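Just so it is clear, none of the values below were taken in a lab; they were calculated from the coordinates. Worth saying up front: this structure is predicted, and the values here are computed from it rather than measured. Here the Cβ is made from the backbone with ideal geometry for all residues, glycine too, and neighbour counts use every protein chain on show.
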Amino acid sequence: MLTESPVAGWGPRFELDDWRARFGVIAGITGRGEANDPFDFALGESPPALVLDRWARLQSECGASGAVVSRQLHGIGVEWHSGRSNGLRILDGKDGHATSTPGLLIAVTVADCIPVFLHDPTTRSIALLHAGWRGTAAGVLRAGIRLLEAQAGISVEDLVMHCGPGICGSCYEVGPEVRRAILPEGEGGFSSCVDLRAELARQGRAAGVRGLTRSTMCTKHHHDSFFSHRGSAGTDGRMVAYMMLLP
Ligand SMILES: [Zn+2]
């Protein structure tokens, strides 16, 4: 277990102090904000100015020269970003980002889905993935690891992996088709719940990752701190999970 700590200053944010201290990596997530002033980062078709202002402020708080995010598909598309960019780039159809460029903020939006943080201290490269049940079943984690191997030349046994705040195993009730899609055959017993972080950790271990941690925070249990798609019957906004190599 490894848990995010609240960040002092602007906006509700939570980061892994341990990763900043040990690796020079920012790995964090925003929170829900106040009921009358939700701290929403949803991109939608065209994000309102208020949301774009939040994105710009997040970059400046992190000391980022640029940021990249995508409208997501619950797929396995992970994009490699080389070189610097200025401002916020909004792509379409990607569910993860990877880079070895310091100062480039990579981000995914979440509200129950799991943000998966990958870092290779040897090559100083990072990836951040959006993993709901569809992405987990389809192999977004494997896709992210393969991309780091291909683009940064990482060795998977050097990777550290953290499954951040998301819906927990006792809050995530699913139908049999979802259980069949993500659990190995014969596992799960008669429970109608699925623990996405446990399944992602299992996939990580199977791929050869040794340094695995999981957040203790559940977006539905801690609905006062986080947006939760399930906890709000689909009406909530979106948090942003973000990651950056410090220069
Ligand atoms: Zn929970």
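Using the crude model of +1 on Lys and Arg Cβ and -1 on Asp and Glu Cβ, and no other charge, please compute the dipole size for the chain relative to its Cα centre, in debye to 20. Intermediate results must be reported in sequence, preceding the final value.
Values: 24 positive and 26 negative charges, 74 e Å.
So the dipole magnitude of the chain works out to roughly 360 debye.
Give the Rg (one decimal place) followed by the Dmax (whole number) of segment 119-203, computed from C-alpha coordinates and expressed in Å.
That works out to 14.3, 43 Å for Rg and Dmax.
What is the spin-label model distance, in nm, from residue 42 to residue 84 if the labels are put 7 Å beyond Cα along the C-beta direction?
3.5
How high is the relative contact order of segment 5-245, given as a whole-number percent (alpha carbon pairs under 8 Å, six or more residues apart)? Each step should come with its number before you reach the end.
On the way: 560 pairs, mean separation 55.7, N = 241.
Normalised by residue count, the contact order of segment 5-245 is 23 percent.
For a quick check: sort 227, 14 by the number of other beta carbons within 10 angstrom, fewest at the front. Before the final figure, lay out each step's value.
On the way: 227 26, 14 23.
If I rank by nearby Cβ atoms, fewest first, I get 14, 227.
Can you tell me the length gained on complete extension of the stretch residue 173 to residue 155, counting 0.36 nm per residue apart and subtracting the Cα distance? Can you show the working numbers first?
Details: separation 18, 0.36 × 18 = 6.48 nm, distance 3.54 nm.
So the extension gain works out to 2.9 nm.
Report the Cys residues of the chain lacking a disulfide-compatible partner, meaning no second Cys Cβ under 4.7 Å from their Cβ.
Unpaired cysteines in the chain: 62, 113, 163, 171, 193.
Using just the helices of the chain, give the 222 nm mean residue ellipticity in deg cm²/dmol: DSSP H runs with n ≥ 4 each add -39,500 (n - 2.57), and the total is spread over all residues, rounded to 500. Could you put the intermediate results ahead of the total?
Working: 6 runs with 59 residues, N = 247.
Helix-only estimate at 222 nm: -7000 deg cm²/dmol.
How big is the antiparallel share of DSSP beta bridges in the chain, given as a percent to the nearest 5?
Taking every DSSP beta bridge with both residues in the chain, the antiparallel ones total about 65 percent.
Exactly which chymotrypsin sites (Phe, Trp or Tyr not before Pro) in segment 95-196 are in a DSSP loop and have at most 12 other Cβ atoms within 10 Å?
On the way: sites: 117, 133, 172, 190; in loops: 172, 190.
Passing sites in segment 95-196 are 190.
Quick one: Cα centre-to-centre distance for segment 24-51 and segment 152-195, in angstrom?
25
Where in the chain lies the longest segment free of GluC sites (Glu not before Pro) that are both loop residues by DSSP (not H, G, I, E, B) and have at most 16 other Cβ atoms within 10 Å?
Working: sites that count: 45, 185, 187.
Answer - 46-184.
Give me the Kirkwood hydrodynamic radius of segment 48-99 in Å, from all C-alpha pairs, to one decimal place?
Details: mean 1/r = 0.0848 Å⁻¹.
It works out to 11.8 Å.
Mean 1/r over all different Cα pairs, inverted: what Kirkwood radius does the chain give, in Å?
Values: mean 1/r = 0.0562 Å⁻¹.
Evaluated on the chain, it is 17.8 Å.
Please list, in order along segment 52-67, the HN-Hα scalar couplings obtained from phi with the Karplus expression 6.51 cos²θ - 1.76 cosθ + 1.60 (θ = phi - 60°), rounded to whole Hz, x for Gly and Pro.
Whole-Hz 3J(HN,Hα) from phi for segment 52-67: 5, 4, 5, 4, 5, 5, 4, 4, 5, 4, 8, x, 7, 7, x, 9.
Taking 22 Å as R0, compute the FRET efficiency from the Cβ-Cβ separation of residue 57 and residue 5 and round it to 0.05. Please list the in-between numbers first.
Working: r = 20 Å, r/R0 = 0.91.
The computed FRET efficiency comes out at 0.65.
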